[in-house]
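Visitor: Let me give you the structure first, and then I'll get to my questions.
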Amino acid sequence: MTRELSSNERLILYGLVKYPNANNKELAETLGLNPSTLTTIKRRLKKGGLFRTITVPRMDWLSCELVQLTYANFNPAVPIEERVKKSRDSIEKAEEVIFSAGEPSRGFSITISRDYTNLANINDTRMEVFARMNVLESEHPEVVIFPYRTSRILRFLDYANLMQGDLEPDSPFRDGAGKDAQGLDGTQASKKKGKRAAAAAAAAAREEARATKEEAAFAGRCGPGLELSDTEKQVLVGLVEHPDLNDRSIGEKIHLSRATVSNQRRNFIKSGLITRKCIPNLKALDFEILGLTHLRLNPRSEVKGEELEKRMLECPNIIFLCGRRFEMGLLAVYKNYDQFKEEKLRQLRLLKETNLFLEPPINRLFSVAQTVTIKDVDYGPLLKKVLSLNQ
């Protein structure tokens, strides 16, 4: 990172990640900041590349059935630039691959597919390309498949808990400072600070309730079969492909009125069809390690996997967690190796305590500084494919 972020910059970055659906006025009220201050700092953070915004659609409502996490070890003798170019032109060009990244000796990707046939074709293409390039080590790429109907996606590109830990120690939004935030412990703070903290806490509670309701709606209506009109399809694709544009600008691109776009956006968010995500720039924020963990669970344990998932989510570093009955995949971000080692020991203790330990967890560590993003969370091509809008 070229410079240290100020306390307000850290707070606003956390707010953007925690409350991605809030507008500037709502977010300023939630964080207890002047709207002009928030707007100025948000613009500066955006210009500095500290975050990007994406719109995530519920693909399981739109005829998709499977999520696949793929990871592989590579021959480091093959230059990563060569591997990335050939992979991008053959594997990542598949609409189903929504994210792919790697470093010289390993890589991983996330794929969403309507059926196993499409998934198998992509996996076969991957094997053929890697074989021709001679990049694979001794084993095949590992694939972990999570059917939407029998799996639980408990955290998906959610950086809020991670960024919360990056706040100032005395921030009312950081864990452990709740009493001061609610004005219940004002002996250490000035009267002005106590009022501001109380107002911020009240606004945050309102926004939290709103966000929780949206998240519940997002998770509650699971299953394929959602039918959309042609106008709804156009608006949905426009929102996904242009997450930073306002409704008027999106309307101009898809030849619909601002009111139409605004109404559909509101309906999509309320129903849970879409949700916005704010993705922080990990390199710029001095995070060093991205960890992928694959767990196979003991089927003889009396403890269900859901209980382990709840305990796993106590770790604020986890940004992605998907589980099914006897298997789990997760991605986590760490400031350094010591932080990863501490979490690894916690996971091993949990597995032993719950008798879910079947075999040692598979961990793949990626250097944030060396990792190259091949495809960066792109839902647009897949969305147009499943909505038959490719022509």
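Visitor: Within the range 1-103, list the GluC sites (Glu not before Pro) lying in a DSSP loop whose Cβ has at most 12 other Cβ atoms in a 10 Å radius.
Guide: In loop regions of the range 1-103 (DSSP not H, G, I, E or B), the sparsely surrounded GluC sites (Glu not before Pro) are Glu4.
Visitor: Taking the structure as given and computing P(r) over Cα pairs in 20 Å bins from 0, in percent, which label from (1) 29, 58, 13, 0; (2) 25, 58, 17, 0; (3) 24, 46, 27, 3 fits?
Guide: (2)
Visitor: Between Val129 and Asp338, what is the spin-label point distance in nm, taking each point 7 Å from the Cα along the Cα→C-beta axis?
Guide: A separation of 4.0 nm, rounded to one decimal place.
Visitor: Can you list residues from other chains, or at least 5 along the same chain, whose modelled amide H is less than 5 Å from the amide H of Glu103?
Guide: Val372
Visitor: Starting from the Kirkwood Rh over alpha-carbon pairs, what translational D in µm² s⁻¹ does the range 227-272 have by Stokes-Einstein at 37 °C and 0.692 mPa s? Don't skip to the end; give the middle numbers.
Guide: Values: Rh = 10.3 Å.
The diffusion coefficient I find is 320 µm²/s.
Visitor: Given labels modelled 7 Å from the Cα in the Cβ direction, how far is it in nm from Arg43 to Ser7?
Guide: Placing both labels 7 Å along Cα→Cβ, they lie 2.5 nm apart.
Visitor: Shifting gears a bit: Hey, for a label at Arg52 modelled as a point 7 Å past Cα toward Cβ, could you say which residues of the range 101-121 have their backbone N under 20 Å away?
Guide: 101-104, 107-112
Visitor: Treating only the Cβ atoms of Lys and Arg (+1) and Asp and Glu (-1) as charged, compute the dipole magnitude of the range 217-362 about its Cα centre; round to the nearest 20 debye. Kindly include the intermediate steps, with their values, before the conclusion.
Guide: Values: 24 positive and 20 negative charges, 41 e Å.
Magnitude of the dipole: close to 200 debye.
Visitor: Then there's this: Listed here are the pairs Lys46/Lys233; Lys47/Lys93; Lys277/Lys341; Lys310/Lys384; which of them are more than 31 Å apart at the Cα? Intermediate values should be presented prior to the final figure.
Guide: Numbers: Lys46/Lys233 29 Å; Lys47/Lys93 29 Å; Lys277/Lys341 28 Å; Lys310/Lys384 35 Å.
Listed pairs above 31 Å: Lys310/Lys384.
Visitor: Additional query: Got a sec? Which residues in the range 114-154 would a label at Lys86 touch, if it sits 7 Å along Cα→Cβ and we count backbone N under 15 Å?
Guide: 125-137
Visitor: Let me ask another. Can you give me the distance in nm between label points at Asn24 and Ser367, each placed 7 Å from the Cα along the Cα-to-Cβ direction?
Guide: Placing both labels 7 Å beyond Cα along the Cβ direction yields 4.0 nm.
Rule-based calculations on the coordinates, nothing more; no lab input. Owing to the predicted nature of the structure, the values given are computational and were not obtained by experimental measurement. No Cβ is skipped: glycine too gets one built from the backbone with ideal geometry, and neighbour counts run over all protein chains shown.
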